[in-house]
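Working notes, structure below.
The values are calculated or read from the model by the stated rules, or taken from the named source; none is laboratory data. In this text the structure is predicted, and so the values were computed from the model without any measurement. Cβ: placed from backbone, ideal geometry, glycine included. Neighbour counts: every protein chain shown. Ligands, DNA and RNA are excluded from the accessible area calculation, which covers all protein heavy atoms including side chains. Shrake-Rupley method; radii C 1.70, N 1.55, O 1.52, S 1.80 Å.
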Amino acid sequence: MRYPIDAEKYIAAMRLEFGPNKAAEEAHREIIPLVNSCYEAGLHGESGYPLNLDEERQALAGAMGKYLDKIRNNPLLPPLIAWCNRAYEQGRGEARYEDQV
C-alpha cells in the first residue's frame with residue numbers, strides 16, 4: 001500500500017470489493033488519518049515507533065476509562081497497530097531514500 005492514503009478512494013475500492021458497509025466506512029474515515037499520521041511521523045523520523053501492542057492497549061484502556069480486560073480481546077487493535085507500524089516504516093524508508101538522492 002502506498003501512503004498517504006486517500007480515505008475516500010480507499011473506501012470506494014472497499015465498496016467495490018465487499019459491497020457497502022456504513023459502519024466499516026465510518027471506521028475507516030476515522031482510522032485512515034491516524035495511519036497517515038504514522039506515515040508522516042516516519043517521514044520526519046519521529047520517535048515512539050514501532051508501536052507496542054500491549055502499551056497501546058493499556059493507553060487505550062486508560063483513555064476510555066475501561067479496564068484492560070475489556071480491551072485485551074479486541075480483535076481490531078492488533079491489525080490497526082500493525083498497519084500504523086507499516087505506514088511508519090514506509091515513511092522512514094522514503095525519508096532515507098530522499099536523503100540518499
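The table that follows gives values for the structure above.
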quantity	calculated
Kirkwood-Stokes translational diffusion coefficient of region 37-86, alpha-carbon pairs, 25 °C, 0.890 mPa s, µm²/s	211
Top of 82, 23, 61 by mean-square fluctuation, Gaussian network on the chain, Cα under 10 Å	23
Carbon/sulfur fraction of accessible area - the chain, other protein chains in place, 1.4 Å, %	54
88, 49, reordered so the largest accessible area comes first (probe 1.4 Å)	49, 88
Whole-number accessible area per residue in Å² for the chain, which is evaluated in the context of all protein chains at 1.4 Å	69
Charge sum, other residues only, whose C-beta stays under 12 Å from residue 91's C-beta, Lys/Arg counted +1 and Asp/Glu -1	-1
Label point distance in nm, residue 95-residue 15, each placed 7 Å from Cα along Cα→Cβ	3.5
Alpha-carbon spread of the chain, three principal axes, descending order, Å	47, 35, 16
Relative contact order (%) - criterion: Cα under 8 Å, at least six apart; region: the chain	37
Kyte-Doolittle at least -0.5, axis length at least 24 Å by Cα - qualifying DSSP helices, the chain	22-43
Net length gained if the chain between residue 25 and residue 51 were fully extended (0.36 nm per residue, minus Cα distance)	6.9 nm
